[in-house]
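A short worksheet on the structure shown next.
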Amino acid sequence: MLPSSVKNKVPAAVSADADTEYKDYRSYYKYMCLPLGRYNLNLFDSYGDGWDGGRITITQMVNASAGCQLLSETLLPPSTGKAVAFAVTVGCC
């Protein structure tokens, strides 16, 4: 869960997902519009055994059928978390 001081600084769609618990062996898709800029994403694993093949991928869509990957990350054991950065830009591809 994000502290309220942090939730006030990120788009509502992002902070709303920060309280979501994701289940094993399922795919989740979230579409949102982020303003141009650099972002930091904190990845967490409460048990410290990594994400067991789980992955987060962030893609910037350039039109209805094409996009470019901005980030693709996972947590390998032993890890309880890490911070990664990505940027939303115009014409990334």
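The values are calculated or read from the model by the stated rules, or taken from the named source; none is laboratory data. Bear in mind that the values here come from a model prediction, so they are computed numbers and not experimental data. Heavy atoms of the whole protein, side chains included, go into the accessibility calculation; ligands, DNA and RNA do not. Shrake-Rupley method; radii C 1.70, N 1.55, O 1.52, S 1.80 Å.
Over the heavy atoms of GLU21, what accessible area does a 1.4 Å probe trace out, to the nearest 10 Å²?
Result for GLU21: roughly 140 Å² accessible.
Please list PHE44, PHE86 from largest to smallest accessible area, probe radius 1.4 Å, with all protein chains kept in place. Don't skip to the answer; put the middle values down first.
Values: PHE44 150, PHE86 15 Å².
Descending accessible area places them as PHE44, PHE86.
Leaving out ligands, DNA and RNA but keeping every protein chain, what accessible area does TYR39 have, in Å² rounded to the nearest 10, with a 1.4 Å probe?
50 Å²
If each residue of separation counts as 0.36 nm, what is the full-extension length gain between THR20 and SER46 once their alpha-carbon separation is subtracted?
Values: separation 26, 0.36 × 26 = 9.36 nm, distance 1.37 nm.
Result: 8.0 nm gained on full extension.
Can you give me the solvent accessible area of VAL84 with a 1.4 Å probe, rounded to the nearest 10 Å²?
20 Å²
Could you tell me the convex hull volume per residue, in Å³, taken over the Cα atoms of the range 34-81?
Details: hull volume 4.3 nm³, N = 48.
It comes to 89 Å³ per residue, whole-number rounded.
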